[in-house]
1. What stretch of the chain, leaving out the sites themselves, is the longest with no trypsin sites (Lys or Arg not before Pro) in a DSSP loop having at most 11 other Cβ atoms within 10 Å?
2. Could you work out the relative contact order of segment 2-122? I mean the mean sequence separation of Cα pairs under 8 Å and 6+ apart, divided by the number of residues, in percent.
3. Within 10 Å, at most 15 other Cβ atoms, and a DSSP state outside H, G, I, E, B define an exposed site. Report the longest part of the chain free of exposed GluC sites (Glu not before Pro).
4. Tabulate in residue order the Karplus-calculated ³J(HN,Hα) for segment 73-78, using 6.51 cos²θ - 1.76 cosθ + 1.60 with θ = phi - 60°, rounded to whole Hz; enter x for Gly and Pro.
5. For segment 49-105 and segment 19-38, what is the separation of their Cα centres, given in Å?
6. Among the listed pairs LYS38/LYS84; LYS45/LYS78; LYS15/LYS57; LYS43/LYS114; LYS38/LYS78, give every one whose C-alpha distance is greater than 22 Å.
7. Please compute the modelled spin-label separation between ALA24 and CYS96, points set 7 Å along Cα→Cβ, answer in nm with one decimal.
8. Determine the gain in length on full extension of the stretch GLU88-LEU11; use 0.36 nm per residue of separation and subtract their C-alpha separation, reporting nm with one decimal.
Amino acid sequence: MGQGSSTHCELCGHKVKYLFGVGAEHSSLVSVVDLIQKHSQEKVKEILNSYQVHSSKYSHSLFECPFCDTAHNRFYLKLDYGNKQTFETQFRCGDCRASLIPATKSADRYFCRKCGEKTLKQDCEKEWN
Ligand SMILES: [Zn+2]
Ligand SMILES: [Zn+2]
């Protein structure tokens, strides 16, 4: 089951929702293609159609921009396929275009993307399907 949470900024009130894990309706590989960032969808479809996929890992995950110190919620996918080939989603920060890395802290420990202050507060977590 997936998990949801959100943060709000105590200074400017900016609210951000986060999803983690995978919902019940996305329990198969084919059903998650739509969740992948647009420019990777063709590549993933090609892999699913043309190769044998040995293992797959995917979930909504939290990433961070190491330069802006901001949190980014992305749908992560990794496929091992064909002859020891690997596909892994790559993400860039929408603000500075740096490559995102897996988050090293919780979502409320980053700078607010709206006002740029470190005044985020975590709201309640809840389950989602
Ligand atoms: Zn950035
Ligand atoms: Zn703010």
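Taken together, the values in this text are just the output of simple stated rules run on the coordinates, not laboratory data. Bear in mind the structure is a predicted one, so any value in this text is a computation, not a measurement. Every residue, glycine as well, gets a Cβ built from its backbone with ideal geometry; the counts of neighbours run over all protein chains shown.
1. Details: sites that count: LYS84, ARG97, LYS105.
The reported range is 1-83.
2. Dividing the mean separation by the residue count of segment 2-122 yields 26 percent.
3. The reported range is 11-116.
4. Values, residue by residue: 8, 9, 8, 8, 9, 9 Hz.
5. Rounded to whole Å, the Cα centres lie 13 Å apart.
6. Listed pairs above 22 Å: LYS38/LYS84; LYS15/LYS57; LYS43/LYS114.
7. In this crude label model, CYS96 to ALA24 measures out at 4.2 nm.
8. My answer for the length gained is 24.1 nm.
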